[in-house]
Amino acid sequence: KVLPVCQLLALLLLAPALLAQEERGLIFNLEAGELCLQSAQCKSGCCHRDSGLSLARCAPKAAESQECSPKSIYGVYYKCPCESGLSCDADKTIVGSITNRDFGVCRDPHDSSRR
């Protein structure tokens, strides 16, 4: 009868640690700076790499006036997409996307003074 009580006590003590681990996650819900393979893994929604040979890490989305990439199906970016509410004014031609040169700048689409 002592064994089940010990197991119950161990589960009660470990439950908060297990829940905290699930919130952050090992594969999803990753923080900025953690290694990633796809943007869906990152809390920010941006898995970023500096070059074709560098490791990709989660990074914050681009703010207004920062360089950006349009959202893509590839899931890893050289420049992060814009924060919510901003649009990326970029070269959206097929040549730009193939050569990874379709970068732009985040702009507020409702700001008429910048047009």
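Key figures
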quantity: Residue satisfying all of: in segment 61-93; in contact with a His (Cβ under 9 Å, 6 or more places away or on another chain) and assigned to a loop (DSSP other than H, G, I, E, B); farthest from P109 (Cα to Cα) among these; calculated: V76
quantity: Subset of segment 82-95 (residues that are modelled with pLDDT under 85 and more than 13 Å from K71 (Cα to Cα)); calculated: T93, I94, V95
quantity: Among residues of segment 21-60, those that are acidic (D, E) and either surrounded by 13 or more Cβ atoms within 10 Å (Cβ to Cβ) or assigned to a loop (DSSP other than H, G, I, E, B) (or both), counted; calculated: 3
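The values are calculated or read from the model by the stated rules, or taken from the named source; none is laboratory data. This structure is a prediction, so every number in the text was calculated from the model and none was measured. Cβ coordinates were reconstructed from backbone atoms using ideal geometry, including for glycine residues, and neighbour counts include every protein chain displayed.
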